Amino acid sequence: MSQTASHIASTKRFAVDPGTSLNGEMIVPGDKSMSHRSIMFGAIATGVTEVTGFLEGEDSLHTLAAFQSMGVHIERGGVGEVTLHGRGVEALTVPENDIYLGNSGTGMRLLTGLLAGMNIPCVLTGDGSLNGRPMRRITNPLTSMGAVISTNDNGTPPLKIAKSGQLTGIEYTCPMASAQVKSAVLLAGLHAQGVTTVHEPAITRDHTERMLRGFGVDVVVDGLTASIKGGQQLQATSLTVPGDISSSAFFLVGAAMTPGSRLTIKGVGMNPSRTGVIDILKLMGADIRIENLRETGGEPVADLQVVGSQLNGIHVPEELVSLAIDEFPALFVAAASASGTTVVTGAEELRVKETDRIQVMADGLRALGADITDMPDGARINGCRLKGGTADSAGDHRTAMSFAMASLISDGPITVLDCANVNTSFPNFARVAAGVGLRIAEVDG
Ligand code: S3P
């Protein structure tokens, strides 16, 4: 989608009526993190990679288009089916134009690591949100490997990757818990001389490590340390992307906090570095059952069964924060429904997501009648019944979907502003949500 089109589309709103619960069976779109990686790795592997369950959302489609602009032949089958004709690293060509990655931090940060290591000069840019996000967290370690990358004066995109010599492996201690930083450094390390090692301060999603292994790459993981030896080639493979637990989170929260709900979400990715939302909801008293646990393509998958009840406030254990980092907008809504007080701390990374999610959620929930105090690294939320009103998502897909779920604990209707970016991760969200009982309409203008 062009920048102009995405701006026009950003006038979409959700109009959501209260007085319902969530019931039935549903599936959610493919995992966004895995969808990005499936394109990146399939594109540079040798041979034909078949992907099913690919997320047809704007973020991952921008990554797909980026590789098409670098000469990779990619075929589209039915929904979620992608065939990549990878011809190895050498087959990538320098793109003619700047690469536009829309709203996607994952697309930009992982691609920068990959292209810096491959010595492909180009410019990476994005929408207003992405062009405001911090990139020194990746350019600092990549530069110390020998990459030549420039940012704006304040460390934001566009990122200009220039030709450099062969990169050299480094040992890097990541100052923040970030899978994107870890992945950018490891992907640069794939093409660097020697070994590249990343130490993390906390567990973050390990889809890069798992999926690279699926492509035949030797990635060594020891606790919070991951290492990769440069010069390894990827071999094409076939992979199935499971449902995104982050997209399930809105429905897990919606059903868990609403007595009368009984919902099954099928085929959800259960990677242990992503399941913090389930642990946190269970600590709040939620009735969530994990059924039919199986493994697909090196990743655990399960069906989730949720029965609604009254949740209780908790102090969210800080060790669960990085395991649920994208789910806090939804969890703030769960906290607003809970009896007692919920406290979130150690979550300052929420301030540098697609929006400042602490601020946007605090402002929006307060406008709907919640009792919430924002803090530099989290929030304190006293549960109460919401009255309804208008909440501004500020163009963030996850805050928009979270505010829509707030209707389940509201006395009056809720309008959510600026919802077009829901398409980055969850196309047809309103239709899917209506299918399990949410009284939601998507409105233009
Ligand atoms: C992602 C990592 C996380 C997460 C993002 C996806 C990934 O970002 O918030 O939505 O796919 O690696 P950080 O690495 O910035 O925490």
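Computed from the coordinates by the stated procedures, all read-outs in this text should not be read as laboratory data. This is a predicted model, so every value here is computed, not measured. Quick reminder, even Gly has a Cβ in these numbers, built from the backbone with ideal geometry, and neighbours come from all protein chains shown.
Which links in 182/266; 12/353; 182/229; 182/353; 266/387; 12/182 stretch past 26 Å when you go from one Cα to the other?
Values: 182/266 30 Å; 12/353 21 Å; 182/229 15 Å; 182/353 16 Å; 266/387 32 Å; 12/182 35 Å.
Long pairs (Cα-Cα over 26 Å): 182/266; 266/387; 12/182.
Could you compute how fast the range 147-306 diffuses translationally, taking Rh as the Kirkwood radius over C-alpha pairs and applying Stokes-Einstein at 4 °C with viscosity 1.567 mPa s? Give it in µm² per second.
Numbers: Rh = 18.0 Å.
After rounding, the answer is 72 µm²/s.
For residue 315 and residue 235, the difference between the fully extended length at 0.36 nm per residue and the C-alpha to C-alpha distance is 24.3 nm. The value obtained for the range 32-240, namely the Cα convex hull volume divided by the number of residues, is 101 Å³ per residue. The simple Förster model, with R0 at 56 Å and r as the Cβ-Cβ distance, assigns residue 348 and residue 48 a FRET efficiency of 0.85. One decimal place: the segment residue 151-residue 85 gains 20.6 nm when fully extended, by the rule 0.36 nm per residue minus the C-alpha distance. Pairwise inverse Cα distances across the chain, averaged and inverted, put the Kirkwood hydrodynamic radius at 21.8 Å.
What the pair-distance distribution of the range 227-326 shows, using all Cα-Cα distances binned every 10 Å from zero, is 15, 41, 27, 10, 6, 1 percent.
Short-range pairs are left out: with C-alpha atoms under 8 Å and at least six residues apart, the relative contact order of the range 32-240 is 21 percent. Axis angle, to the nearest 10 degrees, between helix 245-256 and the longest C-alpha principal axis of the chain: 10 degrees.
Report the longest stretch of the chain that contains none of the trypsin sites (Lys or Arg not before Pro) sitting in a DSSP loop with at most 15 other Cβ atoms within 10 Å.
On the way: sites that count: 163, 385, 387.
The reported range is 164-384.
Can you give the Kirkwood hydrodynamic radius of the range 1-129 from its Cα pairs, in Å with one decimal? Answer for the range 1-129: a Kirkwood hydrodynamic radius of 16.1 Å. Taking every alpha-carbon pair in the range 104-216 and binning the separations at 10 Å intervals from zero gives 16, 50, 31, 3 percent. Along its principal axes, the range 139-199 has C-alpha extents of 30, 29, 14 angstrom, given from the largest down.
Within the chain, what percent of beta bridges assigned by DSSP are antiparallel, to the nearest 5?
Details: 57 of 80 bridges.
Taking every DSSP beta bridge with both residues in the chain, the antiparallel ones total about 70 percent.
Here residue 163 is the anchor, and the aspartates and glutamates within straight C-alpha reach of less than 17 Å, apart from those fewer than 8 places off in the same chain, are 90, 96, 98.
Quick one, can you get me the convex hull of the C-alpha atoms of the range 359-426 expressed as volume per residue in Å³?
Details: hull volume 5.3 nm³, N = 68.
Cα convex hull per residue, to the nearest whole number: 77 Å³.
Under the rule of -39500 (n - 2.57) per DSSP H run of 4 or more residues, summed and divided by the residues of the chain, what mean residue ellipticity at 222 nm is obtained, to the nearest 500 deg cm²/dmol?
On the way: 13 runs with 130 residues, N = 445.
Roughly -8500 deg cm²/dmol at 222 nm, from the helical runs in the chain.
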